[in-house]
Each structure stands twice: as structure tokens, then as C-alpha cells.
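Data block below; observations after.
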Amino acid sequence: MLDLVLRNANLPDGRRKYDIAVRDGRIVELAPAIADRARKEIDAAGCLVTPPFVDSHFHMDSALSYGEPRINRSGTLLEGIQLWGELKPQLTVESIKARARKLCHWAIARGTLAIRSHVDVGDPQMLAVRALLEIREEFKPCLDLQLVAFPQDGYFRLPANRENMVRALDMGVDVVGGIPHFERTMADGAESVAALCELAAQRGRMVDMHCDESDDPLSRHIETLAYHTQRLGLQGRVTGSHLTSMHSMDNYYVSKLLPLMAEARVHAVANPLINITLQGRHDTFPKRRGMTRVRELMQAGVNVAFGHDCVMDPWYPLGSHDMLEVAHMGLHVAQMTGTEEMRRLFEAVTFNGAKILGLAGYGLEPGSFADMVILQAGDPVEALRLKPARLFVIRRGAVIAETAPVASRLNLGGSSLSVDFRQPAD
């Protein structure tokens, strides 16, 4: 007997009214009608079933710390960094874990079962590293948490970070991070990219750098990152996050840069909610959006994913860790409202992110892990429009979160009707 069957599911690739059979934590069959019975059956009733959402760029160590020790009055990136520096001396392992645990609960409820979180290694006590390593193990049965050793104050700018980076990797942090545009000079930034990529190559680790999170079109560390990716044979294992300076670069230079990134198989992560909030702060009008060139990157063959980046922290006062909210903002800012474009941006918070994290067993095919989300929507575009309820969140074939269908009850002129904002299928 099967462990679980989902009936009448719509799939992200357009297949409709499919059944999904699960045994021993993995999908064993997808077909329009599966005759075998199961210990548990769920009627998806034409709702969209998708693999879990993936947050490709997040900061869990600072999440839910909004207002501690004060509020970011200017709302700028630099004041946020300063504020985080003020908060770090007050941190404890338990306080970080308490906030991270709550954030993980929010993520699971939203159907996000994979997160890549950058963790600040600038603290000599490594409190955040210790805390998130413990959280990673605590939530391992229900959530994949991948940690990036992030030298928030600069790899060279804070001399201790060179030793701290190695310590973090020795403790079990997964990925080598960096922030070249925050070094004291462009030359130092370029040198940090080389040094960190070499460290990753030596350790057999992936790389994910905060790269060119700036309005300065001359901040071009992504070019250096693509070069060292090729030089060291790291193709497919390197990610450039933010890349907001690309928004301000001239088209001629970008026409050279995009093929270099594609050739090196460098991934890109944009953070729509935060990029458009923090960038363009020196502009009056017209104001730059600040988000990187998502459409052009995709057209060049670069794998592009989205991250939430921040939730209620020194840089961003809002958020509930809803990756559909991220994708919804992204499609507006990128002006990608064509039907196929919107579907590709749904992939930016699912399949593309899974590729960046190197998640094994991700997907909706026989052999994939039975990790799925049932959304109160019929297809990916409707999901982006409505940001609907996650009716069921399933991990390895077990339901780990459940939400009742959401509808409004109208009482008009003696008659009653229900409204859930869905459009009937053609």
C-alpha cells in the first residue's frame, strides 16, 4: 500500500488533474488516475501542487530583531550595517536561536523548506555561527538550512575575518561568502574575491558573495568573480547575490558581462523586496529601481533565483517570509508580466533556487523526495497573483503544516456567496 496519494493536482508545468503517489518519503508515480490506495489521501481539487519554495538568500541571524537596539531611521543599507554592529555585542546564542526558530516556523508555514542563510562571522565568539549550526540540526527533519560564512565587515577590512572564515568552515558552515564592494578599495575587493574563491576551491565548497550591492556602475566585482570561477574550475558552484550595480551599468559593458557569467555558469540571486528598498537612495528623480537585470540574465542563460534577504531586521521592517510575495514584487519591478515570464519567476523561488543550493531529490518526478506544497490556486500565475494559502505543506510524505481554505462570505440583499478571488479554469 502507498503511504500517501494526492488526487486531482495541477502541476507547475501545466499538467492538470494528476495524482501523485508517495512511498517511503519519495514520489513513486505521477499519473492522471492512480488506482492504488494509500494510508492517507488528499484531494487537491484542482489546486496547484509545487515543490517547496526555496529562499536562496537570507540573513537568519538578524531576522526578527527589528527595533533592537534601535530603529533604522534613514532606512539605508549603511545605517543598517551600523545598527547591526551596535546589536552584535548584545547577542547571545539563545537569543539568536529563539528568533531563528520562530523564523523557521514562519518559513515552514509558508511552504519554504529550503533556505540559504548568510551568517556573520565577524564576532570572535562566533555566536551566530554556533546558534545557526544548532538550528540547522534542530530543523533538519523538516527544513534544509544551508549556511554561508559571511564576513559582514569585509574580509580584509576586518582583519580577524580571515581567521574567522576558516574557523566557521571548520565548525561546519557550508558555503564561502564575501562582500567585495564593502572593502576599502576596489583593489581590495578584487583581491578578496580571488582569495575567497581559492579558499573555496581548497575546501571543496560552494561560493556565494554579496556582490556589487551598490548603485555605482563601476562596481564590477561580478566580472572578477566570473573570472576566478573559470580559473579555479568552480563552474556551477558560484553565486553572485544582489548584483544591483548592474542596474546602473551601461548596456555596452553588460553585453560583455552577461556572456562571461553564462560561460562561467555563475548563478545570480536578486532580492526584489530589499533591493528596491535600499538602492537608489541618493537619487532624487528619476529614481533607479536598483534590482539587477533579471530578464537579461535569464535570456543570456544565467540561472536566476530570488531571495527574501531580510525579515524585520536592521535593514527591513516588514515581511513574513513569503516567497510568493518576493516573486510578486520581482515580476513588477522587472516588468516581466508576460505569461511565460511570470512562470519563469515562479521558478525563481522554486526550481532555480534548488539548483543554486544543489538540493538533491528536489522536484515532482518519480524518485524525488515527497516534499510538496498545495496552494489555494490553480496554476503558478494565479499563485503569483493571489499569494494564496498554503493548504498543505508536506515533507517526506508527511503533512507538517496545514491551513484551512481562505474565503470571504458576502451577505448581499438577502443572498449569501463565497469569494476566494480565483478565476475558474478554461
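Where a number appears in this text, it was derived from the coordinates with a stated rule and is not lab data. These numbers come from a predicted model, not from an experiment. Methodologically, a virtual Cβ is constructed for each residue, glycine included, from the backbone with ideal geometry; neighbour enumeration extends over all protein chains shown.
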| Computed FRET efficiency, Cβ-Cβ of LYS287 and ASP420, R0 35 Å: what is it to the nearest 0.05? | 0.45
| message | How far apart, in nanometres, would the label points at ASN411 and GLU191 be if each is projected 7 angstrom from Cα along the Cα-to-Cβ direction? | response | 7.3
| Nearest-ten-degree value, helix 323-333 long axis tilted from longest Cα axis of the chain | 70
| query | In nm, what is the difference between 0.36 nm times the number of residues separating THR92 and ARG70 and their Cα-Cα distance? | reply | 6.2 nm
| message | Suppose the chain between HIS332 and GLU263 were pulled fully straight at 0.36 nm per residue; how much longer would it get relative to their current alpha carbon spacing? | response | 22.0 nm
| field | Selection from VAL54, LEU30, SER65 lying farthest towards where the dipole of region 25-74 points positive, charges on Cβ | value | SER65
| query | Does anyone have the angle between helix 93-109 and the longest principal axis of the chain? Alpha-carbon axes, 0 to 90°, nearest 10? | reply | 40
| field | Candidates PRO52, PRO89, PRO272: whichever shows maximal mean-square fluctuation once the chain is modelled as a Gaussian network with Cα springs under 10 Å | value | PRO89
| field | Correct option for Rg and Dmax of the Cα atoms in Å [calculated from the coordinates] among [x] 20.7, 61; [y] 27.6, 84; [z] 21.8, 73 | value | [z]
| Residues in region 320-339 near a label at LYS387, defined as backbone nitrogen under 18 Å from the 7 Å Cα→Cβ point? | 320-337
| note | Candidate cut points under trypsin sites (Lys or Arg not before Pro) in region 41-116, DSSP loop plus at most 12 other Cβ atoms within 10 Å of their own Cβ, are ARG70, ARG73
| Just from its helices, what would the mean residue ellipticity at 222 nm be for the chain, if runs of 4 or more DSSP H residues each count -39500 (n - 2.57) and the sum is divided by every residue, rounded to the nearest 500 deg cm²/dmol? | -10000 deg cm²/dmol
| request: Looking at the chain, send over the antiparallel percent of its DSSP beta bridges, to the nearest 5. | output: 45
| said: Excluding same-chain pairs closer than 8 in sequence, count the lysine pairs in the chain whose Cα atoms lie under 25 Å apart. | reply: 11
| query | How large is ³J(HN,Hα) for each residue in region 305-314, as worked out from phi by the Karplus curve 6.51 cos²θ - 1.76 cosθ + 1.60 (θ = phi - 60°), to whole Hz, x for Gly and Pro? | reply | 10, 10, x, 7, 6, 9, 9, 6, 9, x
| task | For the chain, find the longest principal axis of its Cα atoms and tell me its angle to the long axis of helix 221-231, 0 to 90°, nearest 10. | result | 80
| request: Specify which residue in the list GLY330, LEU127, GLY204 is farthest towards the positive end of the charge dipole of region 53-357, using unit charges on the beta carbon of Lys, Arg (+1) and Asp, Glu (-1), about the Cα centre. | output: GLY330
| What is the sum of charges around CYS47, taking Lys and Arg as +1, Asp and Glu as -1, for the other residues whose C-beta is under 14 Å from the C-beta of CYS47? | 0
